[in-house]
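Shown next, in structure tokens, is the structure this report addresses.
What follows draws every value from the coordinates through simple rules; no lab data is involved. Source: prediction; values computed, not measured. Using ideal geometry, Cβ is built from the backbone for each residue, glycine included, and neighbour counts are taken over all protein chains shown.
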Amino acid sequence: MSEKALDLFEQIQINLDNVTNSIVFNACAQLANDRAKSIGKKLLDEMPNNYRNENIVLTSAIDILMKFGDVESAGQVFQSIEKQHIIAYDAQVNGYNLNDDSSKCFKILKEMQNLDIVPNEII
């Protein structure tokens, strides 16, 4: 299904909104192959500034970057979120875990604790 979503994305030239950006990022994250990595990074690079404040889109971007092992870029996206929320923190913790960086997982969890953000069951 994700492969078909990317096929359609490449065939149709449409103006993307925050929902379609998020869908494409999620399809890329599910596939996690070279094609998906290329499409996801291109989408992130070309994303208009007005979508760079959308938490759903940015959290999806964090997820895809972490799955591709681009921890540094994912961290930059996380820092760019004006008001971090539980879902963005979840994406960071899960991404660091996926990339075998337990020290950063604990750092994020400590930051959440200091901000009185309660981790959910997903973490």
To the nearest 10 degrees, the tilt of helix 102-114 (Cα long axis) against the first principal axis of the alpha carbons of the chain is 70
The alpha-carbon pair-distance distribution computed for the chain, with 5 angstrom bins and whole-percent values, is 2, 11, 22, 24, 18, 12, 7, 3, 1, 0
Taking r as the C-beta separation of Asn15 and Asn55 and R0 as 25 Å, the FRET efficiency to the nearest 0.05 is 0.80
Return the whole-Å distance between the Cα centroid of the stretch 61-88 and the Cα centroid of the stretch 33-50.
14
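Given only helices, namely DSSP H runs of n ≥ 4 each adding -39500 (n - 2.57), what is the per-residue ellipticity at 222 nm of the chain, to the nearest 500 deg cm²/dmol?
Details: 7 runs with 86 residues, N = 123.
After summing the helix terms and dividing by the residues of the chain, the value is -22000 deg cm²/dmol.
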His85 paired with Ile23, simple spin-label distance in nm, labels 7 Å along Cα-to-beta-carbon
2.0
